[in-house]
1. Going by alpha carbons, how many degrees (0 to 90, nearest 10) lie between the helix axis of 220-231 and the longest principal axis of the chain?
2. Tell me what the chain gives for mean residue ellipticity at 222 nm when only DSSP H runs of n ≥ 4 count, each as -39,500 (n - 2.57), the sum divided by the residue total, rounded to 500 deg cm²/dmol.
3. Hey, any idea what the orientation-averaged projected area of the convex hull of the chain's Cα atoms comes to, in nm²?
4. Below 29 Å, Cα to Cα, which lysines can K211 reach? Residues fewer than 8 away in the same chain don't count.
5. Can you give me the C-alpha center-to-center distance between segment 1-67 and segment 143-163, rounded to a whole angstrom?
6. Could you give the distance between the Cα centres of segment 72-90 and segment 209-234, to the whole Å?
7. Using 0.36 nm per residue of separation minus the Cα-Cα distance, give me the extension gain between K2 and T99 in nm, one decimal.
8. Multiplying the sequence separation of E145 and H45 by 0.36 nm and subtracting their Cα-Cα distance, what value in nm do you get?
Amino acid sequence: MKALDGRVAIVTGASSGIGEATARRFAHEGATVVAIARRRERLEHLASECPRLTSFACDVIDHAALEQCVRQTVEQHGRIDVLVNNAGLSYYERHADSTLDHWRQTMAVNLEPYYVLAKLVAPHMIQQRYGRIVNVSSVQAIASEATVGAYAATKGAINAWTRTLAVDLAEYGILVNAVAPGCIRTEMSVINGVDETTTPDFLGWYVKRRKIPLARPGTADEVANVVLFLSSDQCAYITGHTLVVDGGLTITF
Ligand SMILES: NC(=O)c1ccc[n+]([C@@H]2O[C@H](COP(=O)([O-])OP(=O)(O)OC[C@H]3O[C@@H](n4cnc5c(N)ncnc54)[C@H](OP(=O)(O)O)[C@@H]3O)[C@@H](O)[C@H]2O)c1
């Protein structure tokens, strides 16, 4: 018996990084997976490698497409057990250089689709009296640095909203949790063509001086393992929690 045998899951941001690792892991744990992202060819490649994984290429700011995705999933598979809200963007920008348009764009990609998809899947989960919603947040919601204002605001909102949604949906057997990754080596850690987890600054402070006690960046698979746990029946008495996956980064001064 695999962890997600018979379960139907939607994973956003599944064309790379944490979302791809999660979608891959879910498929190998027996789930039927609907993988969402914009890069169609990446999703199709993933589908060719994973049993029971189908791709749904769209932009998460397209709410009509998200609605179509959920409708299609229920028509084809009869249920939705797991939603992983993961698609996101990040960038560095000082407050003085930021604009309201950029702020709104960040909300539109990182925050609003989480709400929209949860709103679309909840009626099905309520009817089933079963569901797992996992929202991918960030340590930026917990500890702060300059230049990530709008991004941090979306992640802080995700943590607060995860708690309230957990209370709201608990009576229907729906568990809602978040995962807050630290420094994870993915396409997102590549800034202007340079992987920030390989720079002398990163290696000096986070690794050599052990700002990250485990002294290395994390991997997408290590986050996917935690998302899998929170999405499975193994997670039965945890809801509204934000589980930090950061090698100890946020417990150090
Ligand atoms: N890497 C880290 O250190 C780290 C740390 C904390 C939190 N996180 C969070 O982890 C999540 C995944 O990030 P990652 O590190 O795995 O980065 P990634 O490899 O860049 O993955 C981001 C994913 O989001 C998708 N995406 C972005 N904008 C989209 C849009 N408008 N519509 C549909 N899909 C969109 C991308 O697919 P397409 O480009 O194909 O659309 C991609 O699949 C994000 O929520 C991020 O904030 C990452």
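Derivation of every value follows stated rules applied to the coordinates shown; laboratory data play no part. Nothing here was measured: the structure is a model prediction, and the numbers come from that model.
1. Orientation of helix 220-231: about 40 degrees from the principal axis.
2. Details: 7 runs with 98 residues, N = 253.
Using -39500 (n - 2.57) per qualifying helix, the result is -12500 deg cm²/dmol.
3. On the way: hull surface 54.4 nm².
If I average the Cα hull's projected area over directions, I get 13.6 nm².
4. Hits, sequence-local ones excluded: K155.
5. Spelled out, the Cα-based centre of one part sits 25 Å from the other.
6. So the two Cα centres are separated by 22 Å.
7. Values: separation 97, 0.36 × 97 = 34.92 nm, distance 4.72 nm.
Here the answer is 30.2 nm.
8. On the way: separation 100, 0.36 × 100 = 36.00 nm, distance 3.64 nm.
Additional length available on full extension: 32.4 nm.
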